[in-house]
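Undergrad: Once you've had a glance at the structure underneath, I'll fire off some questions.
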Amino acid sequence: MEQEMIKILQKDIEIPKAVQERAENAFAEIYARSRGKSGENEEERERREAESSPEGMERKREAVKKKQMENKGKENGTEERRMDMATGKTQGNSRGKRKNGAKRGAWKKTQAAAVLMAIVFACGGITAAAAYIHWSKSMEEGMQITEEQKVQLEEEHAVAFAMQECTTQGVTITAEQSITDNYFAHIVFRVDGYEVGEEEEPAFEKIRIHVDGKEDFYNWQGSFYDGLIAGPDGRAVYADGSPIDYESDGMLGKYVMEDGSMEFTVTLACHEKGELLDKQIHVELENLGTVAKAEYLDTKVEGTWEFDWNLRGKESVETFVLQAELGDSGATVTKAELSPISMHVEYHFPLKEITEEGLDENGEVIYTKMNAEPPSLVGVKLKDGTLYPYLTDGGSMGYEEGDLETYIATFATDRIVDVEQVEGLLFWKSSSEGTPTEDNFYVVPIR
């Protein structure tokens, strides 16, 4: 097995920077755990944590680059194509004979040994190496992310892998992955060791979240991933492409993965812009069970699973200053901010009261006064003409305090969005049956 792995690694391949960084972080974690078990003192621990932080890793990469540049002048070989150990990318072109092939082979054998070491550690119970290259199902499948988007988000450090385990009553829960920007954070917890029947829905009885040491953070929503996403017409479809049979499927949600695990997803919405980025978060999940009509069944496992880590992420926002009137609605879109996981727009829309006509329980006409609302932000149009009209997935809208002329809407997106490919924003103009077309929207160009 070792020889086969060395042969594979000896091939001329390009290792993406994100993969190399994940490996470095994973090995740092493995080293840290092994040092902790062998009696690491406080001074050594602080030095190790500083070195394994993003800033520390960057300093290490810069040092390696500097050393490589120094060695480059000393080598007599004509090879210009070499692996940059700091970034994992292949640079330059290969000309002539390779005179330092022995060094190259030694580096790749070292890589093979490192991979083997990671496998040994994983089999021994330390799963950090495997975890750092694994995306959760709900993030990968549920948010319909591409491989290119994965690499980009990892390189930008918008996505983070907490990888903290907590086991209670035989049930292991892992704080697995998160992605955070100026307005929202998505967190995924993996659940192992709890069985759920086909017609049962899992749920936690109590959830407490603290951010930056403050009292309970209340602006969040959470649920177990059920394998469903919104289709082009807004109706639910299975993310894996399998059709829904509404007559025989019973409960549509498929909570249990092929390996028997489940994933619990939590979305946090900011009270103030940027308040979640790089903040300490504390999460308590209490009493796991199954529910029917909001009542817990006898299958409840009592216990508390607690987690503490730094909620790393990145702004990753593009800002657009606009002056786009939305038909005769009286609303003008003045600003938009887009990130891979959120949309934020500001309208000039002075508060006004309108009267709506309706029917009461006796069928008699009644009139209700309410505040007018501007056309809702619902999605985006891509440069290739693709429409995502059901993109919003929870958020808020309303007037800023003390300003009754500026209306603000902020939403999380139900999938990862490549902002560079967005050509325009979609605002509802008229409803339709089936999949809507561009005629159903006010389309606001942003480029």
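The values are calculated or read from the model by the stated rules, or taken from the named source; none is laboratory data. Bear in mind the structure is a predicted one, so any value in this text is a computation, not a measurement. For neighbour counting, all protein chains shown are included, and Cβ atoms are generated from backbone atoms with ideal geometry for every residue, glycine included. Side chains included, ligands, DNA and RNA excluded: accessible areas come from the protein's heavy atoms. Shrake-Rupley method; radii C 1.70, N 1.55, O 1.52, S 1.80 Å.
Undergrad: Quick one: which strands (runs of 3 or more DSSP E) lie wholly within the stretch 269-366 and hold at least 2 residues that are touching a residue at least 60 places away in the same chain (Cβ under 8 Å)? Step through it out loud before you land on a result.
TA: On the way: elements: 279-292, 301-311, 318-325, 332-339, 342-348, 353-359.
Result: 279-292, 301-311, 318-325, 332-339, 342-348.
Undergrad: Could you tell me whether the stretch 234-251 includes any residue that is part of a strand (DSSP E or B) and open to solvent by 20 Å² or more (accessible area, probe 1.4 Å)? Give the steps one after another, and end with the answer.
TA: Pass one, the stretch 234-251, residues part of a strand (DSSP E or B): 236-238.
Now narrow it down to the ones that are open to solvent by 20 Å² or more (accessible area, probe 1.4 Å): 236-237.
Looking through the stretch 234-251, at least one residue is part of a strand (DSSP E or B) and open to solvent by 20 Å² or more (accessible area, probe 1.4 Å).
Undergrad: Regarding the stretch 415-436, can at least one residue be identified that is in contact (Cβ under 8 Å) with a residue 60 or more places away in the chain, closer than 28 Å to GLN221 by Cα and among the charged types (D, E, K, R)?
TA: Checking the stretch 415-436: at least one residue is in contact (Cβ under 8 Å) with a residue 60 or more places away in the chain, closer than 28 Å to GLN221 by Cα and among the charged types (D, E, K, R).
Undergrad: Okay, moving on. If I go through the stretch 135-154 residue by residue, how many of them are among the charged types (D, E, K, R) and over 14 Å from SER178 (Cα atoms)? Explain how you work it out, then say what you get.
TA: Initially, the stretch 135-154 is screened for residues among the charged types (D, E, K, R), giving 137, 140-141, 147-148, 150, 154.
Retained after the next criterion (residues that are over 14 Å from SER178 (Cα atoms)): 141, 147-148.
Going through the stretch 135-154 one residue at a time, the tally reaches 3.
Undergrad: So which residues in the stretch 420-439 are out of contact with any Gly (no Cβ under 7 Å at 6 or more places or on another chain), at pLDDT 95 or above and open to solvent by less than 50 Å² (accessible area, probe 1.4 Å), if there are any at all?
TA: Result: VAL422, GLY424, LEU425, PHE427.
Undergrad: Further question on the same structure: Suppose we filter THR168, THR174 for residues that are within 17 Å of ASN310 (Cα to Cα) and surrounded by 17 or more Cβ atoms within 10 Å (Cβ to Cβ); which single one remains?
TA: Values: THR168 fails: within 17 Å of ASN310 (Cα to Cα).
One residue alone meets the criteria, THR174.
Undergrad: Are any of the residues in the stretch 353-368 under 24 Å from THR413 (Cβ atoms) and surrounded by 10 or more Cβ atoms within 10 Å (Cβ to Cβ)?
TA: Applying the first criterion (under 24 Å from THR413 (Cβ atoms)) to the stretch 353-368 yields none.
Within the stretch 353-368 (the criterion being under 24 Å from THR413 (Cβ atoms) and surrounded by 10 or more Cβ atoms within 10 Å (Cβ to Cβ)), the answer is no, since none of the residues qualifies.
Undergrad: Determine which member of the set ALA336, ALA331 is open to solvent by less than 50 Å² (accessible area, probe 1.4 Å), at pLDDT 95 or above, more than 28 Å from the chain's Cα centre (by Cα) and within 30 Å of ASP439 (Cα to Cα). Reasoning before the result, please.
TA: Details: ALA336 fails: more than 28 Å from the chain's Cα centre (by Cα).
Going through ALA336, ALA331 in turn, the sole match is ALA331.
Undergrad: So, VAL196, is that one surrounded by 18 or more Cβ atoms within 10 Å (Cβ to Cβ), farther than 25 Å from SER342 by Cα and either touching a Lys or Arg at 6+ places or on another chain (Cβ under 9 Å) or at pLDDT 80 or above (or both) or not?
TA: Details: surrounded by 18 or more Cβ atoms within 10 Å (Cβ to Cβ): yes; farther than 25 Å from SER342 by Cα: yes; either touching a Lys or Arg at 6+ places or on another chain (Cβ under 9 Å) or at pLDDT 80 or above (or both): yes.
Criteria met by VAL196.
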